[in-house]
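Heads up: the structure comes next, in structure tokens.
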Amino acid sequence: MAAMSRTAASVILSPSEAEILAEWARSRTVPVRLAERARIVQLAAAGMQSQGIARVLGVSRPTVQLWRRRFMALRLPGIEKDAPRPGRTPRISEEKIRQIVEATLHSRPPNATHWSTRLMARAQGVSEVTVRRIWTQHNLKPHLTKSFKLSRDKQFVRKLCDVVGLYLNPPDKSLVLCVDEKPQIQVLDRTRPGLPMKPGRCGTMTHEYKGHGTSTLFAALLTLGGRVIGDCMPRHRHQEFIRFLKKVDGETPPGLDLHLIVDNYATHKHLRVQSWLKRHPRFHMHFTPTSSSWLNVVDRWFRELTQKRLSRGSFSNARPLIAAIQEYLDNHNQNPQVFSWSAPSKRILASINKCKEGLDALH
């Protein structure tokens, strides 16, 4: 009995399918494999058999048969994307992964305060790479901690609402200024010059230095516009604070009230300071709660000053240090950056209450 010839099923394209396949076949932006699959289907629709298509396109006959069948079953989506592959069978069981996660969260090694990848790998009998991968998947970072401090100020809520209210809804015909001091700025002179940065090597700086005294920076950041009024003084007393208030008084429009946000440092509440404020009624003091320096946005400006200008500096005496601070201050005021406050009091209080609930649950 003569063997029956096996003929592939004919491929019939709709007009839209034919248009899309033609675009894929001639496109230079689609993947090469997709263009090849489109040409296979086009030739099949033209009546060519699989062996002839394989010879024309330079591919194997099983490849042609695969994509003909995929197109017949799923149409265009069947050739546009590869079928999902099962992947390698995981060697680490779900139970072992759960044990590693539970041990990371609820235990600690006998000779350390927290787990490392090597300690956990040794304790669980797996590789260090496995532990690192599991920690990454579950976003676990035992080596990191964040510090916090909750204010115990009995008037915390009132002071918080007062300060945040100034940020979000300042009074009419007034300016809001965030005032603080950066005390004890050390005048440090490196004992040896460092090496400059070059490709493949970062700059170097010796940790040895000579101290040449200190200086204190008084600063007032205007929330409207971001300009900073600053002055360096050798000491940090009420006399210097009154001198700085006089500077603020002279550098702000006289017809506006000034609302100053300050911390609870004793200098700000000195009797002579209070007496000076009574003689200058346009000044209004607003005190942040204790242990809440994050409410005073001028501290953010101090941080940028330290990171960008002071931390790598070398100063032989106080004069070049003060000059460097003044230069940074002038450059900032030429293009001031506005530090805008967006969090309302209710959101802050809700976050603090949630933190307290978490701490109470641990006890």
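Coordinate-derived values only; no laboratory data. Note that the structure is predicted; figures quoted are calculated from it, not measured. Ideal geometry is used to build each Cβ from the backbone, glycine not excepted, and the neighbour counts take in all protein chains shown.
Annotations for the structure displayed:
- Amide H contacts under 5 Å for GLY213: VAL187, restricted to partners 5 or more places along the chain or on a different chain, H placed in the peptide plane at 1.01 Å from N.
- Subtracting the Cα-Cα distance of LYS210 and SER10 from their residue separation scaled by 0.36 nm leaves 63.1 nm.
- Helix 61-74 axis, angle to the chain major axis (alpha carbon atoms, nearest 10°): 70 degrees
- Between helix 345-362 and the chain: long-axis angle, C-alpha atoms, 0 to 90°, nearest 10: 80 degrees
- The charge dipole of the chain, taken about its Cα centre with unit charges on the Cβ atoms of Lys, Arg (+1), Asp and Glu (-1) only, comes to about 1080 debye.
- FRET efficiency, SER311 to LEU34 (Cβ-Cβ, R0 51 Å, nearest 0.05): 0.40
- Overall form of segment 115-242: oblate. Here a/c, set by the Cα gyration tensor axes a ≥ b ≥ c, is 1.5 or more, and a/b is not larger than b/c.
- Extension reserve of the ARG88-SER293 stretch, reckoned as 0.36 nm per residue once the Cα distance is removed: 68.5 nm
- q = 0.13, 0.14, 0.15, 0.27 Å⁻¹: log10 I(q)/I(0) that the Debye formula gives for segment 15-80, counting C-alpha atoms only: -0.29, -0.34, -0.40, -1.30
- Fully extending the segment from SER174 to PHE148, taken as 0.36 nm per residue of separation minus the present Cα-Cα distance, adds 6.0 nm.
- Farthest toward positive dipole pole in the chain [+1 Lys/Arg, -1 Asp/Glu at C-beta], among TRP276, CYS178, LEU321: LEU321
- Of all DSSP bridge pairs formed entirely within the chain, close to 65 percent run antiparallel.
- Counting only lysines at least 8 places from LYS247 when in the same chain, those with an alpha carbon closer than 22 Å to its own are LYS173, LYS182, LYS269, LYS278.
- Compared with the dominant principal axis of the Cα atoms in the chain, helix 15-26 is inclined by about 70°.
- Shape box of segment 172-292 [Cα atoms, principal axes, largest first, Å]: 57, 30, 29
- Placing a pseudo-label 7 Å from each Cα along the Cα-to-Cβ vector at ALA343 and ALA103 gives an inter-label distance of 3.7 nm.
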